[in-house]
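FYI, it's all coordinate maths here, none of it is from the lab. These numbers come from a predicted model, not from an experiment. Virtual Cβ from ideal backbone geometry, glycine too; neighbours counted across all protein chains shown.
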Amino acid sequence: MGADNNSFMYSSITPQQALGLRLGGYFAMFVGLLTVFGWAGAIQDYYVTEHQWPAASATVYSITERSKEVQPPSIRQHNYQVFWMEFLVILDLPQGQCPGAMVPMTTTEPQCRGEVATPYSRSRTDAIDWAARHPRGSRMTVHYDPQSRRMALGGESVFNIYPWGKIFITALILLGAVLMIGAGRRSSTRPQNPSGIPEIKEE
């Protein structure tokens, strides 16, 4: 019975509607693929820092909460706030390898000071969770680029680093595109009589 209902639903779509479904599906797929560029770069950067940059152990000296207002490229979208944490850390590195500055922090001797920031998040709670996982005085892993002297958090779970919200939106768009294209193709293969009314087989 369910299969008959589905067959009638697809066969009730006109060829013009089927074509519209397919074209709409292809357009949605194009948009979905474009959204990949919004998060693929972040994943690539994380991979580079984790696998190509040297790593050092560090001690969290202080934590600062930051936020800023972001203006989307489209005027139809409203501005929104993003939040992140900045960690001032003391790296276990000698002066010749220090990507930051050598200054006395907890001792009278110069120590390697650096700053690392968490990924941006629209949720202030998510930003605060970073501080809860890495409280003052705790140990963390820091990756650094000897050439640019950039530093990044290391040893973190992909669940905390990857922009899962953007990835989920891309997945939804692509899923909708596949469903639209599939529905358009199935309905276009249904036989119709010359009057344009779909044929319904009687059993």
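If I model a spin label at GLU115 and ARG139 as a point 7 Å from the Cα along the Cα→Cβ vector, what separation in nanometres do I get?
2.6 nm
Label-point separation (nm) for GLN77 and LEU33, each offset 7 Å from Cα along Cα-to-Cβ?
Calculated label separation equals 2.1 nm.
Explain nothing, just compute: Karplus ³J(HN,Hα) = 6.51 cos²θ - 1.76 cosθ + 1.60, θ = phi - 60°, for every residue of segment 25-38 in order, whole Hz, x for Gly and Pro.
With the stated coefficients, segment 25-38 comes to x, 5, 5, 5, 5, 4, 5, x, 5, 5, 5, 4, 5, x Hz.
Summing +1 for each Lys or Arg and -1 for each Asp or Glu, what net charge is found among the other residues whose Cβ lies under 11 Å from the Cβ of ILE43? Display every interim value, and only then the final one.
Numbers: positive: LYS166; negative: ASP45, GLU50.
Charge balance in the 11 Å sphere: -1.
Determine the sum of side-chain charges near TRP164: Lys and Arg each +1, Asp and Glu each -1, restricted to other residues whose C-beta is under 13 angstrom from that of TRP164. Mind showing how you got there, number by number?
Details: positive: ARG122, LYS166; negative: ASP126.
Local charge sum for TRP164: +1.
For segment 55-144, what percent of Cα pairs sit more than 20 Å apart? Write down the numbers at each step before the final one.
Numbers: 1764 of 4005 pairs.
Above the 20 Å cut-off, segment 55-144 has 44 percent of its Cα pairs.
Along each principal axis of its Cα atoms, how long is the chain end to end? Whole angstroms, biggest number first, please.
In descending order, the Cα extents are 92, 33, 32 Å.
Say R0 is 30 Å: what FRET efficiency, to the nearest 0.05, do ASP126 and GLN52 get from their beta-carbon distance? Don't jump to the answer; show the numbers that get you there.
Numbers: r = 27 Å, r/R0 = 0.90.
Step by step, r from the Cβ atoms, then E = 0.65.
Test of the criteria: in segment 116-162, which trypsin sites (Lys or Arg not before Pro) are in a DSSP loop and have at most 16 other Cβ atoms within 10 angstrom of their Cβ? Walk me through the numbers before you get to the answer.
Details: sites: ARG122, ARG124, ARG133, ARG136, ARG139, ARG149, ARG150; in loops: ARG122, ARG136, ARG149, ARG150.
In loop regions of segment 116-162 (DSSP not H, G, I, E or B), the sparsely surrounded trypsin sites (Lys or Arg not before Pro) are ARG122, ARG136, ARG149, ARG150.
Can you give me the distance in nm between label points at SER62 and THR108, each placed 7 Å from the Cα along the Cα-to-Cβ direction?
For the pair SER62/THR108, the computed spacing is 2.3 nm.
Which FRET efficiency value, to the nearest 0.05, is calculated for VAL70 and TYR162 with the Förster distance at 22 angstrom and r the Cβ-Cβ distance?
Details: r = 19 Å, r/R0 = 0.87.
Efficiency for this residue pair is about 0.70.
Which of the trypsin sites (Lys or Arg not before Pro) across segment 9-114 are loop residues per DSSP, with 13 or fewer other Cβ within 10 Å? Could the numbers behind the result be given before it?
Working: sites: ARG22, ARG66, LYS68, ARG76, ARG113; in loops: ARG76.
When the trypsin sites (Lys or Arg not before Pro) of segment 9-114 are filtered for loop state and at most 13 Cβ neighbours within 10 Å, ARG76 remain.
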